[in-house]
Amino acid sequence: MTTPALLIRGAAPYGEEPADVLVADGLIAAVGVEAAGHPAAADATVLDASGLMLLPGLVDLHTHLREPGREDAETVETGSRAAALGGYTAVFAMPNTDPVADTAGVVEQVFRLGAAVGLVDVHPIGAVTVGRKGERLAELTAMATSAAQVRVFSDDGDCVSDALLMRRALEYVKSFDGVIAQHAQEPRLTVGAQMHEGDWSARLGMTGWPAVAEEAIIARDCLLTDHVGSRLHVCHVSTAGSVQVLAAAKARGTAVTAEVTPHHLILTDARAEGYDPVFKVNPPLRTDTDVAAVRQALADGTIDIVATDHAPHAQQDKECEWDHASPGMLGLQTALSVVIETMVHTGALDWRGVARVLSENPARIGGLTDQGRPVAVGEPANLVLVDPEARWTVRGAELASLSANTPFEGVELPGRVVTTLLRGRPTVLDGVLVDPAGAGA
Ligand code: DOR
């Protein structure tokens, strides 16, 4: 089935001068005055996009889709729906599923499920160690050479804390330009940890998760990466000290990249005051000083990307006592809005910067050549149109995710995804999901 050509009228690429953009055969066929006069424009569907921003489709390097194993919390299909509605055209699915995605068979299963849904490109992340147990390396090369062509490996949810295993993993992925995405959490320093170690944990009587447990692993892994000559990506950076460690490593040339989550850009540990587990997350929400530091680091490039750590959890796993609740928060449908609120409205990033941290850099880190590309002639038409002036109120029950654990319940946020295009095919039109089978949704 070929997708009809689309003439997008008057959108502003990267928030700059409005221009017409013609999309045909999955590619950007023309930009600017040539678009309307292009032969393919003759029978194109016209989209009036005046007042909208045009960006490359967003790419999430850190998503939990829960399939296989916890289809009561999320499936590849429901997560793909949330992603498309959030403006994403590609997501990387973390391997902490059941069974764990630690073999070619499981990563191929997730890859095929994603392709069958067809709303976003789903790229499985492979586990670093068998069963994510941190004991022996998984078959990284088998996953890399599988149909899923895995390039990113992580034991996310747990740290690869054994230094020798981490060294071996970094060595292994060099042969196919892979990357190890580390969940930086020194386990002995965080036994029983429930929230950030600081004033609030002392007041609330909860076991603390000290910043140094993150910073020590990042420092160690940057040194290992230098030693081995490999590539490291640091998941969900949350502390001011981690930013300093990363800045020092980057200054001496370490091949390290880093992500921050939307929630660490906007929420602090004060949210634990009411003991509402919706605010329980790993790494935990930190202090105002940390929030300021990660924002600054995202603005100056010390942190390369925003990744959602979209972590859906079933109601019974979240609506219980704090100590027993699973850590994690939804993110796919609110990430762009949080970045607009915290980075664009504060003047820390312009729209070029938004494209860089939410699309171009994550695609590059994940090894994708067809995503995160410029809005330019000949490039794949993976695009998102955003209304920057719109505001909306988050309601967990109305999100496409199967779970409802958003920390922004009832909160009004700026920016609305109007249209998402995957290789020129609308997956979202006027804020509504378009079923790939053409049945509507
Ligand atoms: O809060 C979190 N939730 N942090 C993680 O590292 C794992 C994730 C999950 O899988 O729920």
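The values are calculated or read from the model by the stated rules, or taken from the named source; none is laboratory data. Remember, it's a predicted structure, so these values are computed and weren't measured experimentally. Every residue, glycine as well, gets a Cβ built from its backbone with ideal geometry; the counts of neighbours run over all protein chains shown. Just so you know, the surface numbers come from the protein's heavy atoms only, side chains and all, with ligands and any DNA or RNA stripped out. Shrake-Rupley method; radii C 1.70, N 1.55, O 1.52, S 1.80 Å.
Observations on the structure shown:
- Solvent exposure of segment 78-175 as accessible area per residue, Å², 1.4 Å probe: 36
- Stretchable slack from A292 to E321, in nm (0.36 nm times residue separation minus alpha-carbon distance): 7.4 nm
- Pairs of lysine residues in the chain - Cα separation under 26 Å, sequence separation of 8 or more or cross-chain: 5
- Taking every DSSP beta bridge that has both ends in segment 1-128, the antiparallel portion is near 35%.
- Separation of the D162 and A251 label points, Cα + 7 Å toward Cβ, nm: 3.5
- Helices meeting the span-like rule in the chain (full DSSP H runs, Cα extent of at least 24 Å along the helix axis, mean Kyte-Doolittle score of -0.5 or higher): 211-228.
- A Förster radius of 35 Å, combined with the Cβ-Cβ distance separating A348 from L223, puts the computed FRET efficiency at roughly 0.70.
- Helix-derived mean residue ellipticity, 222 nm - over the chain, DSSP H n ≥ 4, -39500 (n - 2.57), to 500: -7500 deg cm²/dmol
- Of all DSSP beta bridges in segment 2-57, antiparallel share, percent nearest 5: 55
- Label reach from E16 (point 7 Å along Cα→C-beta): in segment 34-55, amide nitrogens under 19 Å belong to 34-36, 50-55.
- Chain lengthening between F176 and T145 when straightened (0.36 nm per residue, less Cα-Cα): 10.2 nm
- Of the solvent-accessible surface of the chain, computed with a 1.4 Å probe and all protein chains present, 50% belongs to carbon and sulfur.
- DSSP beta bridge pairing in the chain, given as percent antiparallel to the nearest 5: 45
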